[in-house]
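Structure first, commentary second.
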Amino acid sequence: MPQAAHSYLEGRVRLCVGDLTEQAVDAIVNAANSTLLGGGGVDGAIHRRGGPAILDACRALRASAWPNGLPTGQVALTEGGRLPARYVIHAVGPIHGRHGGKEAALLAACYGNALSLAAGLVLRTIAFPAISTGVYGYPPDEAAVVVSTTLREQLPRHAAIDEVRLVFFDSGQLEIFAANQRF
């Protein structure tokens, strides 16, 4: 595990800089697009590193549970393929400015639904990227407030989850989060 730069909630939440696809946890969360068929950024990196098993599982989800794509704020589970994580929880984050003022609730739903899914599977460790703060344009300082508040409220309901790792691409993004968190 990469060394945590910051930790919160009695060590259950850890912030670190690193590559999400290298996290040896029970599940990583993919900042997916609604098609579930891969893309750029985190999504593309997960599909490349995890291999064809993830894409095959996503195609199966599209053919069954989500024929019109995964809605914003919802999550879906696939195997981890060649990733060190056993599972990938795909979460579709909001595109900033395109959800009629409901962006914060949709971003919170990504994190809350991923935690609920992980807890339901009795997973102990989960790693998240900074969902929606890249090409989807969610301001990182505002996302920090939403994410930290959601985790602070949701984690007590999921005692089986020992660690939530928030993995940032660079130290600048981590420090923005740390400066604006509300744990």
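Residue count for the range 145-183 under the criterion of being in contact with a Lys or Arg (Cβ under 8 Å, 6 or more places away or on another chain) and of a type in the set (F, W, Y): the result is 1. So for the range 5-23 (the condition being over 22 Å from Q154 (Cβ atoms) and assigned to a helix (DSSP H, G or I)), does at least one residue qualify? Within the range 5-23, one or more residues are over 22 Å from Q154 (Cβ atoms) and assigned to a helix (DSSP H, G or I).
All of (1) under 23 Å from L77 (Cα atoms); (2) charged (D, E, K, R); (3) free of Cβ contacts under 8 Å to residues at least 24 places away in the same chain hold for K102 with one exception: (1). Picking from residues in the range 1-32 that are at pLDDT 95 or above and of a type in the set (S, T, N, Q), the one that is surrounded by the most Cβ atoms within 10 Å (Cβ to Cβ) is N30. Filtering the range 88-124 to residues that are buried (at least 20 other Cβ atoms within 10 Å of the Cβ) and not in a helix (DSSP H, G or I) leaves V88, I89, H90, A91, V92, G93, P94, L123. Out of curiosity, is A109 within 12 Å of the chain's Cα centre (by Cα) and either among the polar types (S, T, N, Q) or more than 20 Å from L20 (Cα to Cα) (or both)? Against the criterion (within 12 Å of the chain's Cα centre (by Cα) and either among the polar types (S, T, N, Q) or more than 20 Å from L20 (Cα to Cα) (or both)), A109 qualifies. When the range 31-44 is filtered for residues that are under 14 Å from F169 (Cα atoms) and either in a strand (DSSP E or B) or of a type in the set (S, T, Y) (or both), only A31 remains. The residue of the range 125-143 that is nearest to Q74 (Cα to Cα), among those that are part of a loop (DSSP other than H, G, I, E, B) and of a type in the set (A, V, I, L, M), is I131. Checked against (1) of a type in the set (V, I, T); (2) in a helix (DSSP H, G or I); (3) over 22 Å from V13 (Cα atoms); (4) in contact (Cβ under 8 Å) with a residue 40 or more places away in the chain, V146 meets all criteria but (3).
Of the residues making up the range 48-79, those that are over 14 Å from the mean Cα position of the chain (by Cα) and not in a helix (DSSP H, G or I) are G51, S64, A65, W66, P67, N68, G69, L70, P71, E79. In the range 125-182, of all residues being of a type in the set (D, E, K, R) and closer than 23 Å to G80 by Cα, the one that is surrounded by the fewest Cβ atoms within 10 Å (Cβ to Cβ) corresponds to D162.
The values are calculated or read from the model by the stated rules, or taken from the named source; none is laboratory data. Just so it is clear, the model here is predicted, and its values are computed rather than measured. Neighbour counts are summed over all protein chains in view; Cβ atoms, including those assigned to glycine, are modelled from backbone coordinates with ideal geometry.
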